[in-house]
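Step one of this worksheet: look at the structure below.
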Amino acid sequence: MDCLICATRARVAADVRNARRFTRNLPRVRNRGTGPVAHVALRLGVPAPVRPDVDGWAPCAGARESSEPVACNLGRLAAGAEVRLDLSFRVGVGTTVGTGKADVDVRPMDSDFNFLPDVNDADNLVRMTYR
C-alpha cells in the first residue's frame, strides 16, 4: 500500500455567533499503490477545543466530535484514486486557542480496520499550522 496526504492553507473567519471558524484545505488523500485500500484513516491532531464543522466532513464517516485527535474513515480508495477534502473547524464562543502546529496523518487499513504497512510512510504525515 502507498497512501499520500498533502495539506495547504488555513483560513480563519468569525461566524454570526462570534465562534471562530477555521477552514483547512486538505486537497488530496491519494492511494499511490497498485491495489485498493479497504479503508483509509485520517487523523488531525488539533487541540480538543477545535471541532469539525459544516459539510466538508461528509466523506469522513465517523468524525468524532469529542475526542483528540479528530479522526475519520474515508472508506474504500481504489488504486490511483484520490479524495479531495475541504474541512472546516470551529472553536466555541469564549474559547481561546493559541497558535500551534498539528500533525495530520493518513493510514491504509484492511476490511477489519487493521492498519496496513505503507511502502512510503514519509508521505503519510504533514503538519498544519493553526491560529
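Summed over the residues of region 90-131 and divided among them, the accessible surface reaches 61 Å² per residue at a probe radius of 1.4 Å.
For region 98-124, the residues whose backbone nitrogen is under 16 Å from a point 7 Å from the Cα of residue 76, taken along Cα to Cβ, are 109-113. The figure for residue 32 is an accessible area of roughly 110 square angstrom, using a 1.4 Å probe on the protein chains alone. A viscosity of 0.692 mPa s and a temperature of 37 °C, combined with the Kirkwood radius over C-alpha pairs in the Stokes-Einstein formula, give region 41-131 a diffusion coefficient of 229 µm²/s.
I'd like the FRET efficiency for residue 38 and residue 127, computed as 1/(1 + (r/R0)^6) with the beta carbon distance as r and R0 of 25 Å, rounded to 0.05. Efficiency, rounded to the nearest 0.05: 0.35.
The values are calculated or read from the model by the stated rules, or taken from the named source; none is laboratory data. Treat the numbers as computed from the prediction; the structure is a model and nothing was measured. Using ideal geometry, Cβ is built from the backbone for each residue, glycine included, and neighbour counts are taken over all protein chains shown. These area figures cover heavy atoms from the full protein model, side chains too; ligands, DNA and RNA do not enter into them. Shrake-Rupley method; radii C 1.70, N 1.55, O 1.52, S 1.80 Å.
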